[in-house]
Amino acid sequence: MTILEDAKKGIITDEMKAVAKAEGVTEDFIRRGMAQGRIVIPISPYRDVKLCGIGQGLRTKVNCSIGTSSDIVDVEMEVKKAKEGARAGADTLMELSTGGDFYDIRRRVVEATPLSVGSVPLYQAFIEAARKDGAVIHLKEDDLFRITEEQAKLGTNFMAIHTGINTETVKRLQNQGRHGGLCSRGGAFLVAWMLHNKKENPLYSEFDYLCEILKEHEVTLSTGNGMRAGAVHDATDRAQVQELIINAELGDKAHEQGIQVIVEGPGHVPLDQIETNVKLMKSLSGNKPFYMLGPIVTDIAPGYDDRVAAIGAAISSMHGADFICYVTPAEHLALPTVEDVYEGVMSSRIAAHIGDMIKLGKTERDKEMGHARRDLDWDTQFALAMDPERARKIRSERMPADRDACTMCGDYCALKIVHDYIKKRD
Ligand code: SF4
């Protein structure tokens with residue numbers, strides 16, 4: 001019996017209890033949310049993880065993605081990135097390698113992290129086909145399912161699977177065209193394979209078989225967003241919405257079979273379309289947990305895309321997105337470094353918190369920070385900071401003559417000048 005089947009039967013498991021405690025909600029809130037498909041707890045029968053509840057009414061979670069590329073295969077560095085992502089406070093980790101020995105990399109990353117790990121099995125399946133037979137179009141359908149099962153047995157907790165790309169979706173993409181092309185690697189592999197072989201996507205046509213594998217190994221399905229826009233001018237286009245509708249239908253089917261489901265969203269989205277995207281996805285999917293990738297809200301700031309995505313993520317979270325995939329400053333430019341991973345996770349965590357201040361009314365810590373600043377209580381300010389280490393370092397490198405103030409205003413510290421004349425509110 002899967003954890004979702006437990007929830008549907010009214011059983012509260014230890015995992016539900018742990019998540020309820022961490023989130024400050026009742027155990028039955030978690031159980032009901034899971035039974036109705038609004039909350040997931042990605043687990044695996046193959047390893048214990050730091051449990052993470054994702055969904056409506058819970059803190060917005062942040063995913064950190066790492067992985068080799070065909071150009072840079074440095075397993076040690078990927079393991080460091082996995083650890084750095086956890087140190088920066090990521091809630092989950094996706095291992096998305098596309099270069100080197102897939103099995104070895106995933107095994108080492110899974111061993112190195114306490115976090116729930118996600119993967120995209122079709123990367124491995126298509127790239128192994130390219131290595132063996134010269135091109136991704138030579139993939140054998142069975143390999144998609146075999147590799148999904150192999151990765152599940154390595155302790156993968158959730159998988160992004162591109163179930164919503166079918167012949168209709170591809171036609172819409174071709175007929176409409178795109179300003180920014182197709183930016184999803186998984187989407188591009190599948191579309192190339194389908195068009196060359198004139199066949200339906202096996203992950204769509206054999207969805208029942210896929211569900212058997214996911215259920216047997218208790219993997220949470222994250223319905224992949226292979227049609228996501230790679231440019232803000234393509235946001236919310238017909239191909240993306242078509243894929244979302246199919247994924248919403250398949251998500252219901254998987255949920256009925258006892259499989260936990262997350263629905264992935266876009267991509268590149270201008271500010272004024274974020275709310276629409278979140279509400280459309282929630283409405284179509286029956287309020288399943290929404291996994292927003294970024295989103296990037298302008299295309300002209302390469303080098304700063306962690307901040308660009310943080311703006312989009314804050315608004316997404318405010319409107320109901322449950323799970324945010326981080327973006328690093330190296331996005332669109334290069335494979336991220338260990339430092340980029342840290343920056344990306346911090347930017348997304350800050351964004352998720354900003355959204356939660358509105359979505360969940362989580363503002364107490366901000367109020368306490370206001371008081372600590374008013375009272376020039378530096379230790380409390382550091383304790384409340386999302387990155388205490390960085391805050392301490394900046395202050396200590398530029399210490400003022402007056403230890404109560406800081407070197408921004410020095411002798412003319414506004415807070416100090418009027419401190420004794422203004423009533424304090426608690
Ligand atoms: S010196 Fe200026 S910036 Fe620094 S604590 Fe005082 S008012 Fe704030």
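Those helices (runs of 4 or more DSSP H) of region 169-234 that lie entirely within it include none in which at least 3 residues are outside the structural domain of P289 (by TED's automatic domain parsing) and touching a residue at least 60 places away in the same chain (Cβ under 8 Å). Among the residues of this structure, M94 counts as one that is touching a Cys at 6+ places or on another chain (Cβ under 9 Å) and either touching a residue at least 60 places away in the same chain (Cβ under 8 Å) or not in a loop (DSSP other than H, G, I, E, B) (or both). Using the structure shown, decide if I165 is closer than 29 Å to I41 by Cβ, outside any loop (DSSP other than H, G, I, E, B) and either touching a residue at least 60 places away in the same chain (Cβ under 8 Å) or not basic (K, R) (or both). In short, no.
Results for (1) surrounded by 15 or more Cβ atoms within 10 Å (Cβ to Cβ); (2) acidic (D, E), shown as yes or no for each residue.
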site: G361; (1), (2): no, no
site: E368; (1), (2): yes, yes
site: A391; (1), (2): yes, no
site: E397; (1), (2): no, yes
site: P400; (1), (2): yes, no
site: A405; (1), (2): yes, no
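The condition of being part of a loop (DSSP other than H, G, I, E, B), of a type in the set (F, W, Y) and at negative phi holds for only one of Y46, Y103, that being Y46. Against the definition (within 15 Å of the chain's Cα centre (by Cα) and of a type in the set (A, V, I, L, M, F, W, C)), how does M94 come out, yes or no? So M94 passes the test. Mind listing just one residue for me: the one in region 161-191 that is touching a helix residue (DSSP H, G or I) at 6+ places or on another chain (Cβ under 6 Å) and among the small types (G, A, S) and, of those, surrounded by the fewest Cβ atoms within 10 Å (Cβ to Cβ)? My answer is G180.
The values are calculated or read from the model by the stated rules, or taken from the named source; none is laboratory data. All values reported here derive from a predicted model rather than from experimental measurement. Because the Cβ atoms are built from the backbone with ideal geometry, glycine has one as well, and the counts that use them run over all protein chains shown.
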